[in-house]
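The values are calculated or read from the model by the stated rules, or taken from the named source; none is laboratory data. Treat the numbers as computed from the prediction; the structure is a model and nothing was measured. We place every Cβ from the backbone using ideal geometry, glycine too, and count neighbours over all the protein chains shown.
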Amino acid sequence: MSSQLPIFLFLVPFVTAVAMPILCAKRRSWCQRLTTGAVSVMVVLSVINLRVVLSEGSIEYAFGGWTAPVGIAWLVDPLAAIVILTMSVVALLSLIYGRLVVTSKLDKSVQYYTLILLFIAALVGVVFAADLFNVFVFLEMAALAGYALVSAGGGKALVYAFRYLLLGSFGATLYLLGVSYLYAATGTLNMADLGTRLPELMTSTAVVSGLVFVFLGLSIKMALVPLHGWLPGAYANAPEAVAPLLASTITKVALVAWVRIEYSLIAPGVEVSHVPVLVLLEYIGVLAAVIGAALALVQTEIKRMFAYGGISHIGLILVGVSLGNSTALAGGLFYLVNDAVMQAALFMIAGAVLHYHGARTLDDLKGVANRSPWLTGALVVVAISMVGLPPTGGFFGKWNIVLGALEAQHYLAVFAVLASTLLTLGYFLRLFACWFHQPVTIESERLEVAACLRVSLGAASVATIVLGLLSDSVVRVLLESLAS
Amino acid sequence: MAELLQALLQRPNFVVFVILFLWGIYIMAAHPNYVKKLIGLYIVQTSVIFFLVAFSAKDGATVPIVSAEMASLEAWAYANPLPHALTVTAIVVQIATLGVSLALVSAIYRKYGSLDEDEVLKKVE
């Protein structure tokens with residue numbers, strides 16, 4: 001039974017999504033409950049899945065009994081199990097939070113909840129898929145649901161969703177082109193199988209350009225600087241209720257897909273015409289980490305600031321996974337899990353501030369601290385984690401990346417982590433300067449925060465601290481799974 | 001130069017693919033009209049599908065059905081079914097993308113009364 005867990009994790013949201021229009025056509029109020037129920041089941045399943053994977057080792061799920069490389073396979077290793085657990089918890093929290101800010105029109109819409117479930121199902125597919133083409137299909141499924149969810153914001157969101165669609169589909173096409181190059185050169189799509197065939201083919205231009213196209217396509221999807229153009233507009237204008245879900249998942253799963261490809265196809269120290277591949281990736285990550293954080297510093301809109309913060313973290317994680325040693329790799333992956341939680345919490349705060357105080361820009365924030373102690377508390381916790389101070393998860397992720405960089409003696413990477421940390425501190429100081437600003441007319445009435453916001457935001461901020469406390473064991477699990 | 005030309009002429013399919021691909025990118029980037037941008041995207045996607053079909057083409061190959069009675073299997077005599085399966089799936093993805101994008105374009109037109117990117121962006125800001 002436990003060997004069927006991965007497919008159940010996919011089927012629960014998928015079947016619910018397909019059945020939703022039939023079940024809820026007459027009773028629109030059920031949509032929300034049904035979606036929350038399905039995602040709760042997913043959380044339980046992913047906890048069980050993680051336990052099974054940790055105790056019995058990775059699950060290789062072969063569809064229809066055809067084993068790889070002939071059949072289609074899913075690989076559920078500890079990394080995938082941890083990422084799926086994070087994603088489903090974040091999705092559940094976003095749904096609970098969504099009850100506060102969802103517009104009544106969307107709340108009554110069957111399509112909206114169907115799209116959310118399809119999106120979540122596709123994420124499961126991307127994380128589990130063990131062959132390149134499956135990653136493409138599931139990424140596109142997630143992206144299509146994502147475009148539609150962004151455009152549900154109406155108005156400006158339509159234009160940004162269209163821009164996202166053009167760039168996202170172009171990225172997917174580049175990825176497909178890269179996959180077909182790799183297939184033409186090797187005759188296989190399975191990552192493990194490719195990993196055994198590629199090392200001797202690294203001189204072939206088809207293989208190298210295939211890898212370049214795959215990376216370019218995925219870096220549009222993960223919003224790696226300078227291909228991040230679609231992200232801030234899309235996230236800033238997406239409906240409040242799904243912004244945390246989108247911000248915390250879609251770029252991260254594209255990055256997870258790239259990590260799998262990089263880890264199984266590119267051996268450390270591989271050089272293509274005297275250019276060390278991993279070092280090149282590391283430099284791209286350094287640029288993204290610093291530029292993203294610097295762009296966040298100059299934003300005036302709260303959501304755009306957080307979006308650029310996420311873009312800089314993508315760069316940091318790429319630095320971590322490209323340093324070529326397991327400490328940094330585990331640190332980068334641990335930071336990825338953290339980043340998902342932090343981005344969700346940040347966008348929840350931004351949405352709540354807009355909902356209660358009508359604050360969109362930093363200037364509108366003045367005096368919020370006096371009136372919303374609950375939001376202030378959550379923001380401080382998440383800010384500590386974003387900047388990277390112990391005992392939060394953000395610190396341990398960065399710490400391991402720095403340790404790995406020192407081990408590899410790549411001081412530029414150390415510089416990137418420190419520079420982006422300082423810039424992050426800079427933009428949070430800007431935010432706090434407005435947040436704690438004392439207005440001339442003091443309205444001291446405390447704001448009563450809705451219960452669903454308390455639960456979701458409280459859980460998200462507690463999760464960043466819990467991740468910090470558990471960091472040792474999570475990193476050890478990641479290290480062990482990488483070693484085997 | 002002559003060698004390059006020779007290499008290109010020996011691969012007409014590849015040349016067609018490259019031309020289509022770059023042409024599509026040019027249309028996507030250069031035209032301000034949303035529908036033309038979509039057409040550009042469609043050409044790019046189609047060029048990749050063309051590439052997939054082109055490299056998997058095989059002269060004189062037959063349908064890849066293997067029965068239990070066959071003693072030996074000669075791979076060269078059969079068409080490789082996998083690229084074709086990929087092609088069909090990629091086409092499905094392409095159609096879904098096209099559907100979503102046309103819905104978005106029509107929503108933008110209803111909201112802003114224009115399909116021209118410059119005009120719409122002016123109204124958005």
Taking region A:159-176 as the region of interest, how many residues are facing chain B (nearest Cβ under 8 Å) and under 29 Å from A:ILE72 (Cβ atoms)? 6
Counted residues in region A:185-205 being in contact (Cβ under 8 Å) with a residue 24 or more places away in the chain and outside any loop (DSSP other than H, G, I, E, B) come to 8
Kindly provide the set of residues from region B:33-42 that are in contact (Cβ under 8 Å) with a residue 12 or more places away in the chain, within 19 Å of the chain's Cα centre (by Cα) and more than 10 Å from chain A (Cβ to nearest Cβ), ordered by number. B:VAL35, B:ILE39
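Residues checked against (1) surrounded by 14 or more Cβ atoms within 10 Å (Cβ to Cβ); (2) among the hydrophobic types (A, V, I, L, M, F, W, C); (3) more than 22 Å from the chain's Cα centre (by Cα); (4) outside any helix (DSSP H, G or I):
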site	(1), (2), (3), (4)
A:PRO13	yes, no, no, no
A:ARG27	no, no, yes, yes
A:GLN32	yes, no, yes, no
A:THR35	yes, no, no, no
A:MET42	yes, yes, no, no
Those residues of region A:148-158 which are within 7 Å of chain B (Cβ to nearest Cβ) and surrounded by fewer than 23 Cβ atoms within 10 Å (Cβ to Cβ) amount to A:ALA148, A:GLY155, A:LYS156
Name the pairs: first residue in region B:18-32 and within 12 Å of another protein chain (Cβ to nearest Cβ), second residue among the basic types (Lys, Arg), Cβ to Cβ under 9 Å, at least 6 apart or on different chains? B:ILE27/B:LYS36; B:ILE27/B:LYS37; B:MET28/B:LYS36; B:MET28/B:LYS37; B:ALA29/B:LYS37; B:HIS31/B:LYS37
Looking for something closer than 17 Å to A:PHE170 by Cβ, modelled with pLDDT under 95 and within 10 Å of another protein chain (Cβ to nearest Cβ) - is there at least one such residue anywhere in region B:65-87? no
For region B:74-96, how many residues are among the aliphatic types (A, V, I, L, M) and within 15 Å of A:GLU140 (Cα to Cα)? 8
Of (1) surrounded by fewer than 24 Cβ atoms within 10 Å (Cβ to Cβ); (2) farther than 19 Å from A:ALA451 by Cα, A:PRO373 satisfies all except one. Which? (2)
Let me confirm something: among A:VAL208, A:VAL225, A:VAL179, A:VAL212, which residue is in contact (Cβ under 8 Å) with a residue 40 or more places away in the chain, away from chain B (no Cβ under 12 Å) and in a helix (DSSP H, G or I)? A:VAL208
Tell me, which residue of region A:182-194 that is within 25 Å of the chain's Cα centre (by Cα) and away from chain B (no Cβ under 13 Å) is farthest from B:PHE51 (Cα to Cα)? A:ALA192
Hey, can you tell me all the residues within region B:48-64 that are outside any loop (DSSP other than H, G, I, E, B), more than 9 Å from chain A (Cβ to nearest Cβ) and of a type outside the set (Ser, Thr, Tyr)? B:PHE50, B:VAL53, B:ALA54
How about region A:64-91: which of its residues are in contact with a helix residue (DSSP H, G or I) (Cβ under 8 Å, 6 or more places away or on another chain), assigned to a helix (DSSP H, G or I) and surrounded by fewer than 23 Cβ atoms within 10 Å (Cβ to Cβ)? A:PRO78, A:LEU85, A:VAL89
